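Right, one structure below, let's go through it.
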Amino acid sequence: MHTKFVKKTVNCLVGISLAASLSACMHDDDDDDNDEHMQSMNYQVEVHNLTAGQPLTPLAAILHKPGYAPWMLGASASVGLETIAESGDGTTLISEAESNMNYIISMTSSNGPFLPGSSESITLTSESSDDLHLSLVTMLANTNDAFTGISNLNLEDLEEGEKVSVYLKAYDAGTEKNTESMGTLPGPVDNGEGFNSTRDEFASGEDYVSVHRGAVTVDDDLSSSVLNETHRWNGPVAKLVVTRLQ
């Protein structure tokens with residue numbers, strides 16, 4: 001009787017010990033999965049200025065889920081987009097994004113405008129890559145209301161160490177006439193007026209975001225323009241490179 005009891009007790013203890021070990025292993029795996037899921041993800045956002053004579057203003061970058069967009073072609077510009085497209089100040093655009101339910105995080109670069117041939121970068125952090133999108137806006141400073149950027153770039157499938165590159169075209173906010181005349185451009189070629197809350201629609205009556213038709217300069221016989229051929233562009237004005245660092 002005593003021997004059988006000992007054997008049964010040993011077998012029982014072995015069974016309990018094995019079950020406990022399996023339970024502990026399963027618990028550790030769950031913890032690892034949770035830790036991996038909760039790990040912060042860092043994204044380096046870099047913009048290269050490809051123009052010959054257009055400084056780009058500080059970047060306004062936003063991480064968000066689908067459902068937010070800083071602009072839409074054919075739609076009237078928000079006050080935030082108007083402000084950055086006319087003055088380079090992204091504060092109002094960021095505030096608009098923060099009020100959207102799909103907003104995650106945002107950042108503006110702090111080094112001031114960056115010149116042709118140079119680049120600017122910032123790092124954004126998100127707790128999840130699920131439905132993660134990037135939107136970004138920067139102004140072509142030697143213009144009335146031209147900007148470039150990206151709306152809703154999908155980063156969800158970007159793995160650690162991977163990068164995605166996009167060439168960016170110029171857009172017209174449609175909020176100010178493209179006169180290029182003295183006193184109307186905030187960039188260093190003129191140091192003129194920036195944002196003006198009074199919207200000046202195009203001569204044709206347009207008041208919506210469109211692909212920019214390009215600068216018409218004094219070298220194109222527009223005698224009132226303060227721009228010359230170095231301020232023109234034909235094709236992409238910037239290159240965006242997003243790298244997932246972690």
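Details
- Some residue of segment 220-240 being of a type in the set (Asp, Glu) and modelled with pLDDT under 90: yes
- Considering residues of segment 221-246 that are in contact (Cβ under 8 Å) with a residue 12 or more places away in the chain and of a type in the set (D, E, K, R) only, the residue nearest to Ser135 (Cα to Cα): Lys239
- Scanning segment 72-88 for residues that are crowded, with 22+ Cβ neighbours inside 10 Å and either part of a loop (DSSP other than H, G, I, E, B) or not assigned by TED's automatic domain parsing to the domain that holds Asn196 (or both) yields Ala77, Gly88.
- From Tyr171, Tyr167, residue being within 29 Å of Asn234 (Cβ to Cβ), exposed (fewer than 15 other Cβ atoms within 10 Å of the Cβ) and modelled with pLDDT of 95 or more: Tyr167
- Some residue of segment 130-141 being part of a loop (DSSP other than H, G, I, E, B) and surrounded by fewer than 18 Cβ atoms within 10 Å (Cβ to Cβ): yes
- Of Asn154, Asn178, Asn144, Asn191, all but one fail to be surrounded by fewer than 18 Cβ atoms within 10 Å (Cβ to Cβ) and in contact (Cβ under 8 Å) with a residue 12 or more places away in the chain; the exception is Asn154.
- Residues that are touching a Phe, Trp or Tyr at 6+ places or on another chain (Cβ under 6 Å) and part of a loop (DSSP other than H, G, I, E, B) within segment 214-240 comprise just one, Pro236.
- In segment 80-114, the residues that are without any contact (Cβ under 8 Å) to a residue 24 or more places away in the chain and out of contact with any Gly (no Cβ under 9 Å at 6 or more places or on another chain): Glu98, Ser99
The values are calculated or read from the model by the stated rules, or taken from the named source; none is laboratory data. Note that this is a predicted model, so its numbers are computed, not measured. So basically every Cβ, Gly included, is an ideal-geometry build from the backbone, and we count neighbours across all protein chains shown.
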